[in-house]
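What follows is a short report on a single structure.
The values are calculated or read from the model by the stated rules, or taken from the named source; none is laboratory data. Owing to the predicted nature of the structure, the values given are computational and were not obtained by experimental measurement. Every residue, glycine among them, receives a Cβ derived from its backbone with ideal geometry; neighbour counts consider all protein chains shown. For the accessible areas, the whole protein counts, side chains as well, though only heavy atoms, and no ligand, DNA or RNA atoms are used. Shrake-Rupley method; radii C 1.70, N 1.55, O 1.52, S 1.80 Å.
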Amino acid sequence: MSSKRILTDKIFEYLVTIIALTAVIAVILIFVFIVKEAFPIFFDNEIRYDGKGNEIATMSKMFLPQVIDGQLDFRWQPTSDIPKFGLLVLIVGSIKVTFISIIFAAPLAISAAIYSSQFAGRVFKEIIKPAIELLAGIPSVVLGFFALIVLANWVEKVLGVKPGLNTFTAGIALGIAVIPIIFTITEDSLSSVPKSYVEASLALGANKNQTIWRVLIPAVSPGIFAGVVLGFGRAIGETMIVLMASGNAGILSADFFDPAKTMPSTIAVEMGEIATGGTHYTVLFFIGFMLFTFTFILNYIGDFVVHRFKKKLAGLR
Amino acid sequence: MRIKSFIMLLLLVTFSFIYCGGRKTSTNISISGSDTMLELGKQWALLYEKQHKGQTIQINGGGSGVGINALIQGRIDLANASREIKPEEIKRLEKKKWKLITYKTALDGLSIYINEKNPINELSFEQLKRIYTGEITNWKQIGGKDSKIILYGRQNSSGTYAYFRDNVLLKKDYSPTVQELSGTGSIVRKVAQDIDGIGYGGKAYTMGVKVVKVKVKDSDIAYAPTDENVASGKYPLTRDLYIYTTDKVLNGKKKGDAVEKYIQWISSEEGQKIVKDVGYYPVKKTN
């Protein structure tokens, strides 16, 4: 019986190891695939130039302003007569939407985390935490629909901004999706602060308010930072909400009430129609490569900070 | 013991799935492409499936470009398109040694929508061009009230996007302020809500918006996209709605015949009646 048990244990162990490795291999393969499809943009002249030898997708065409109708302008119009791949339109669009979402979500999520970990009674805490975490479970298409139907009208009527589908609307809807990420990480870090910190502060005569602002928040600032960074990573890759709520117009401007076009939603809309291996295809993969690298770095920073922070606190306990 | 019975169960489930898969007797025709033709395609499929038991038809939108691309890649049987196939796309087919087969299935008058409260009644190509390239930005410049024009349009994989650019903007680029929506339905919904909005799309979708009359030159008489004007070609934005396929699909052993039968049915009186019911104009006369 016992040898049989050892055997089943071993089989199970191998099985689980293989499954775990599959995930790692999948990530590596996806990255290799994206790089393989995107990198011709740097050297393949058939992709960088059109048939007549004009540049269409070189670095300067994609990142520098182009003369269009006698004016310097950035345009993303990949299917027009002379294709225009002004990537800056999409990059700035993505950053603008993400920026709004973080500005909206971070204060709310952090305050909610402070409340839930420091002030809320046990019963109330049991309600708040799962409720906020449930926000993460709302399908993004539902949030997008909410933004399209409710939020956009509200922005038009209350703020008097036209059109109602714009960077701001998309940012707010996206913020709702980001709140649970920042909340969860901040809440976790706040709960992992040793009791002795708070007790020492209170014993020295500080009140609760002072303790939170001067002791707790400085102690968990790496955790808050990590939460915001991870939230940023989630927000910049989000496709559906932004596609539905941003108005999807390729305007490059500093105005947060202009419609915007973002990197992920552009890939989603345009990937279906294009010839495999063509210029448009390669440029979309290049955008995918930038997004992948960007979120990878952000997630790495976030995880690294959280990890070190937990270690530090564990050493103190 | 428990593991053993679990594995047995797993095997049982797997095999029963394989068994079910093997018993399939129906054929499936897959179609994708133009959003303008999506509703029409759905109505065709519904009636056809009802009349022919065992025949399933799967239809998706995405834009004419999406459909044509999927056809070239051999992923679908029929591509709906609201624009003509481009020379580059034919070249890609030729590379695969496939021959393109074209069917004209319906006529559409590409319509210009504005809000019902907008006093404008007719627009010329020149005005439309200047509006959509961003030269005219205020309704008062063309005789409306003093407010900003909000431009709605289709995403760049759409056949309607391409048709409008080639024929009205004369291949010039759209203004970057055009909000690109996926589907004519979304445009109509937006323009119905937005007093300052303008949009374009098929003539079958016009719930809650005003359809303006269109003329080529400022001095011409403007026509509305009614059935008569589309049929006679007086309406200047009259276009064909196509179904594309390849000889490879039609000669396919498994479902070549089924696809051919379906296309013949579409151009039959019954199929063309649906064209009329949905709101387009049939290519063949029906009673």
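Taking interchain pairs and intrachain pairs at least six residues apart, which have beta carbon atoms under 7 angstrom, with the first residue in segment A:144-163 and closer than 18 Å to A:Ile241 by Cβ and without any contact (Cβ under 8 Å) to a residue 40 or more places away in the chain and the second open to solvent by 50 Å² or more (accessible area, probe 1.4 Å) and in a helix (DSSP H, G or I)?
Within 7 Å, no pair qualifies.
Show the residue pairs that are 6+ apart or on different chains and have beta-carbon atoms under 7 Å apart, the first residue being within segment A:259-275 and among the acidic types (Asp, Glu), the second being assigned to a loop (DSSP other than H, G, I, E, B).
A:Glu270/A:Pro78; A:Glu270/B:Asn156; A:Glu270/B:Ser157; A:Glu273/B:Gly63; A:Glu273/B:Ser157
I want to confirm something. Restricting to segment A:269-295 and keeping residues that are modelled with pLDDT under 90 and open to solvent by 50 Å² or more (accessible area, probe 1.4 Å), which single residue is nearest to the other protein chains (Cβ to nearest Cβ)?
Within segment A:269-295, the match that is nearest to the other protein chains (Cβ to nearest Cβ) is A:Thr276.
Quick grid of which residues meet (1) in contact (Cβ under 8 Å) with a residue 12 or more places away in the chain; (2) hydroxyl-bearing (Ser, Thr, Tyr):
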| residue | (1), (2) |
| --- | --- |
| A:Phe99 | yes, no |
| A:Ile103 | yes, no |
| A:Ile114 | yes, no |
| A:Ser117 | yes, yes |
| A:Ala120 | no, no |
| A:Glu126 | no, no |
| A:Lys129 | yes, no |
| A:Leu135 | yes, no |
| A:Ser140 | yes, yes |
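Test B:Ala204 against the stated conditions and say whether it is closer than 24 Å to B:Leu46 by Cβ, in a loop (DSSP other than H, G, I, E, B) and either at pLDDT 90 or above or of a type in the set (Gly, Ala, Ser) (or both).
The answer is yes for B:Ala204.
Could you please find all residues in segment A:1-45 being among the β-branched types (Val, Ile, Thr) and within 24 Å of the chain's Cα centre (by Cα)?
Matches in segment A:1-45: A:Val24, A:Ile25, A:Val27, A:Ile28, A:Ile30, A:Val32, A:Ile34, A:Val35.
Contact list please: Cβ distance under 6 Å, first residue in segment A:241-254 and facing chain B (nearest Cβ under 9 Å), second residue assigned to a helix (DSSP H, G or I) and open to solvent by 10 Å² or more (accessible area, probe 1.4 Å), pairs at least six apart or on different chains.
Hits for this filter: A:Leu252/A:Val92.
Give me a count of the residues in segment A:195-239 that are free of Cβ contacts under 8 Å to residues at least 24 places away in the same chain and either over 18 Å from A:Ile114 (Cα atoms) or surrounded by 18 or more Cβ atoms within 10 Å (Cβ to Cβ) (or both).
8
Run down B:Thr36, B:Thr102, B:Thr27 and say which single residue is crowded, with 24+ Cβ neighbours inside 10 Å, among the polar types (S, T, N, Q) and more than 14 Å from chain A (Cβ to nearest Cβ).
Numbers: B:Thr102 fails: crowded, with 24+ Cβ neighbours inside 10 Å; B:Thr27 fails: crowded, with 24+ Cβ neighbours inside 10 Å.
Checking each option against the conditions leaves just B:Thr36.
Restricting to helices (runs of 4 or more DSSP H) lying wholly in segment A:2-82: which have 3 or more residues that are open to solvent by 100 Å² or more (accessible area, probe 1.4 Å) and more than 13 Å from chain B (Cβ to nearest Cβ)?
Fully inside segment A:2-82 and qualifying: A:2-38.
Mind checking which residues of segment B:39-69 are within 22 Å of B:Leu181 (Cβ to Cβ), surrounded by fewer than 24 Cβ atoms within 10 Å (Cβ to Cβ) and either more than 12 Å from every other protein chain (Cβ to nearest Cβ) or at pLDDT 90 or above (or both)?
Those that are within 22 Å of B:Leu181 (Cβ to Cβ), surrounded by fewer than 24 Cβ atoms within 10 Å (Cβ to Cβ) and either more than 12 Å from every other protein chain (Cβ to nearest Cβ) or at pLDDT 90 or above (or both): B:Glu39, B:Lys42, B:Ile59.
Find the residue count for segment B:162-181, including only residues that are free of Cβ contacts under 8 Å to residues at least 12 places away in the same chain and either among the aliphatic types (A, V, I, L, M) or open to solvent by less than 20 Å² (accessible area, probe 1.4 Å) (or both).
So the count comes out to 1.
Working carefully through the options B:Asp218, B:Asp240, B:Asp247, B:Asp277, find the one that is under 17 Å from B:Ile76 (Cβ atoms) and either surrounded by fewer than 20 Cβ atoms within 10 Å (Cβ to Cβ) or touching a helix residue (DSSP H, G or I) at 6+ places or on another chain (Cβ under 9 Å) (or both).
Working: B:Asp218 fails: under 17 Å from B:Ile76 (Cβ atoms); B:Asp240 fails: under 17 Å from B:Ile76 (Cβ atoms); B:Asp277 fails: under 17 Å from B:Ile76 (Cβ atoms).
The match here is B:Asp247.
Does A:Ala219 fit the bill of being modelled with pLDDT of 90 or more and either closer than 28 Å to B:Ser175 by Cβ or part of a helix (DSSP H, G or I) (or both)? Please lay out each step first, then the result.
Values: modelled with pLDDT of 90 or more: no; either closer than 28 Å to B:Ser175 by Cβ or part of a helix (DSSP H, G or I) (or both): yes.
Spelling it out, it is not the case that A:Ala219 is modelled with pLDDT of 90 or more and either closer than 28 Å to B:Ser175 by Cβ or part of a helix (DSSP H, G or I) (or both).
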